[in-house]
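Let me begin by presenting the structure, written as structure tokens, before commenting on it.
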Amino acid sequence: MKALYTFFLGCFCVGVMLAQSDIASVEYFFDTDPGIGNGIILDIDPDIDILDQNFNISTTGLSQGTHRLFLRVVNADGSSSMYTHKTFRIYDLPATNSTDIVEAEFFFNTDPGFGNGNIRTVSNATVMDRNFSFSTAGLPVGTHKLYFRVKNSNNEWSMYTYKTFRKSDVPLTNAADIVEAEYYFNTDPGLGNGTNIDVADVASLDENFNITTSGLPIGTHRMFLRVKNSDNRWSMYANKTFRVSDVPHINLFDIVEAEYYFNTDPGLGNGTNIDVADVASLDENFNIPTSGLLIGTHRMFLRVKNSDNFWSLYANKTFRVSDNPDTNMFDIVEAEYYFNTDPGLGNGTNIDVADVASLDENFSIATSSLAIGTHRMFMRVKNSNNSWSMYDNKTFRVFDVPEINNASIVAAEYFIDVDPGFGSATALSVSGDNLDENLTIPTSASLAQGDHYLHIRVLNADGSWSLYDRKLFEIDGTLGIDSDDLSEIRIFPIPTSDYVNIITPYHIQIKSIGIIDLNGKVVMQLNNPVEKINLSNLQQGVYLLQIQTQNGNLSKRIIKN
């Protein structure tokens, strides 16, 4: 019989490409693309910018063999994402084994044929859940694969399972004292040819060293360090990437000039001048006109010059110029709505409105004729000048399950970023059959600068916790050097499929790094400073990357593809 595969595509992330509008629909297909909009539609949670759900996808109609599942989304303005895909195989293996396992064997790298591997003695059992010790004494140094399979009492062998591992010639422990240490930059000069570091004869080395970089040019470099023991054996090197900058640690001169420009750098001193007083630091609001810019996305750059005639690095901000008028000079005289497909201006379902300059009302829109699933409701208005507005829209879902809670809410709680467990979060005062209140949530001064998630959940009288609601918010940090320094930390690429890099200014030292998923679970904790984090073992989705430094803490939303 064919095995039925169910896919749990959790944390399928399209937030970068579709971050400006809600996701409207999701579709999938197998092997061959039927065209955008012609795949099989999946029901999704309404009103989301990032898709983070599990889906059950049936493969019952597929033949035995290897297939590919493709999935993509369409956002509210009709734009389609690139697809993500997963390769899988449908087997004709029976779903269950009804006879005992009587034999097991393993082999390395090359299959010697059924029954010709290294036999392991097993007791007759329907399933095997044991630990085995495998000798690797005969294997050369390098990467290998260990394969394992079993045979049942019907003389049928299972498919193999395997594990990739590496055999190293490095001893697990060092029995001889460290007697020498050396370092070098960028290029290995050979063992013993680096710059010597004076060390005492010790079993392990845990010291701070001052390494001079005075002879290095401005730019990015790597420092390598290794040690030699009394048996004349050198260790593998440890390394650190750093940057030599021509920016002084401290600016001893007043700021005497400031300038800005859009999109393209005209050269130092050629931007548009901003009138500033001679000050040691600049912390002001400026009105920058954008009247000469075209409709679209732009970047504004700003830099300053001190009295020693040195220009700073620029700060920049991305923004968008829109052709929408700031005000409507005519009364609104008509409004209409429609679901999913635009019937044309004036052909939607009419909403009775009074002639008003602006519309701020609640309307009851009937959805009784809609099928179960995800839909979009569009609404627009017309003014007395016979001009229709752009539509506003809302994604929602029609359920066949009544949205009624038969037990009163007896407790509510919230947490920020990390879930302490049901009942262990910060309590909220609530009562009644439903929760429809405005809540004031304090944010501690100890919260890291940057992105955070607020999670809220409730407990009813039956002892059932609700799924939490989740809201992204941002802590801008406090004014001062710490906040400015943290904003200079670079985290890239976002999104990423494997590694994320962290580049810090020369004077910031990372103490620890944590990664938190959208369920509030800490999925990775690094207590040693690193500049490259391997995310390949994490599921696709959105995470918080939180960095602790001696200058303060930073929290940044990242996306794993």
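Here are some notes:
- Residues satisfying the stated conditions in the range 532-561, i.e. in a loop (DSSP other than H, G, I, E, B), surrounded by 16 or more Cβ atoms within 10 Å (Cβ to Cβ) and over 13 Å from the mean Cα position of the chain (by Cα): N551
- Residue count for the range 464-484, restricted to those that are of a type outside the set (A, V, I, L, M, F, W, C), in contact with a strand residue (DSSP E or B) (Cβ under 9 Å, 6 or more places away or on another chain) and at pLDDT 70 or above: 6
- The residues of the range 504-522 that are among the hydrophobic types (A, V, I, L, M, F, W, C), surrounded by 16 or more Cβ atoms within 10 Å (Cβ to Cβ) and in a strand (DSSP E or B), listed by number, are I510, I513, I515, I516.
- Condition met for G296 (free of Cβ contacts under 8 Å to residues at least 12 places away in the same chain and under 30 Å from S384 (Cα atoms)): no
The values are calculated or read from the model by the stated rules, or taken from the named source; none is laboratory data. Every value quoted in this text rests on a predicted model; they were computed, and no experiment measured them. Heads up, the Cβs are rebuilt from the backbone with ideal geometry, glycines too, and the neighbour counts pull from every protein chain shown.
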